[in-house]
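The values are calculated or read from the model by the stated rules, or taken from the named source; none is laboratory data. Bear in mind the structure is a predicted one, so any value in this text is a computation, not a measurement. Neighbour counts are summed over all protein chains in view; Cβ atoms, including those assigned to glycine, are modelled from backbone coordinates with ideal geometry.
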Amino acid sequence: MTEQQPYEVLRRGSGLELRRYPEHVVAQVRVQGTFERAGTIAFGALFGYINGRNRSRTAVAMTAPAVVQLPSGAQKVAMTAPVVQAEAGEGEHTVAFVLPAGLTELTAPEPTDPRVEIRTVPPATVAALRYSGRWTEESYQRHLRGLLAALAAEGLAPVGEPWFARFDPPFTPWFLRRNEVLVEVTGA
């Protein structure tokens, strides 16, 4: 079973879920392309990173379930969910894999691909709207409008840019896919 990013549900209401995410680490790539193509473009570099295109920064204990030492000094890192995507400018997107809990920016393997960046995401209070369906910009934008309307009804204000999270592999039928639109909030 795929490890999922931990969070605490603070409350539910008006079609949204208010969550508290702890500090966590991501491997991310910035790519040029449409909303629909960004994940596909970034996937190769990110999957390569977790599959061993990296250099170990520390010795990994034999009992560590999330990381496996490879003979070359690289490490395999377990796949986690979700894969997150955010707009980073005109036609540019940041796509990230959330790394397994327990890895820090200092203990995560160092990428050998210069496109991959390891970054610590600070703790945050986030509003999330869950939906199923295809990974299209139209669907994302429609659900983002719903999330923003729910925030207004709850008296919450978005902070920064929203992002998209996908939890399932591409071979999952579209009607079974778990997707979310999220944004950091204040006033919670």
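Per-structure values
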| quantity | calculated |
| --- | --- |
| First in the stretch 161-188 and under 12 Å from GLY133 (Cβ atoms) and in contact (Cβ under 8 Å) with a residue 40 or more places away in the chain, second anywhere and outside any strand (DSSP E or B) and of a type in the set (A, V, I, L, M), Cβ under 6 Å, 6 or more apart | VAL181/LEU144; VAL181/LEU147 |
| Number of positions in the stretch 61-88 that are surrounded by 19 or more Cβ atoms within 10 Å (Cβ to Cβ), more than 12 Å from the chain's Cα centre (by Cα) and either among the polar types (S, T, N, Q) or at pLDDT 80 or above (or both) | 2 |
| Pick from the stretch 1-45, criterion more than 16 Å from the chain's Cα centre (by Cα), assigned to a loop (DSSP other than H, G, I, E, B) and not polar (S, T, N, Q), ranking: farthest from LEU151 (Cα to Cα) | MET1 |
| Members of the stretch 110-124 found to be in a strand (DSSP E or B) and under 15 Å from the mean Cα position of the chain (by Cα), listed by number | GLU117, ILE118, ARG119, THR120, VAL121, ALA124 |
| Selection status of PRO158, assigned to a loop (DSSP other than H, G, I, E, B), closer than 23 Å to ASN179 by Cα and touching a strand residue (DSSP E or B) at 6+ places or on another chain (Cβ under 7 Å) | no |
| Some residue of the stretch 117-127 being farther than 12 Å from VAL26 by Cα, surrounded by 14 or more Cβ atoms within 10 Å (Cβ to Cβ) and modelled with pLDDT under 95 | no |
| Residues located in the stretch 89-109, provided they are within 15 Å of the chain's Cα centre (by Cα) and at pLDDT below 90 | ALA101 |
| For PHE97: the one exception among (1) hydrophobic (A, V, I, L, M, F, W, C); (2) over 19 Å from ASN179 (Cβ atoms); (3) touching a residue at least 60 places away in the same chain (Cβ under 8 Å) | (2) |
| Residue match in the stretch 131-139 (condition: out of contact with any Lys or Arg (no Cβ under 7 Å at 6 or more places or on another chain), free of Cβ contacts under 8 Å to residues at least 60 places away in the same chain, at positive phi and in a loop (DSSP other than H, G, I, E, B)) | no |
| Count of residues meeting criterion [crowded, with 16+ Cβ neighbours inside 10 Å, among the hydrophobic types (A, V, I, L, M, F, W, C) and farther than 11 Å from GLU184 by Cα] in the stretch 149-173 | 4 |
| Residue in the stretch 170-180 that is of a type in the set (Phe, Trp, Tyr), under 23 Å from VAL31 (Cβ atoms) and in contact with a strand residue (DSSP E or B) (Cβ under 9 Å, 6 or more places away or on another chain) present | no |
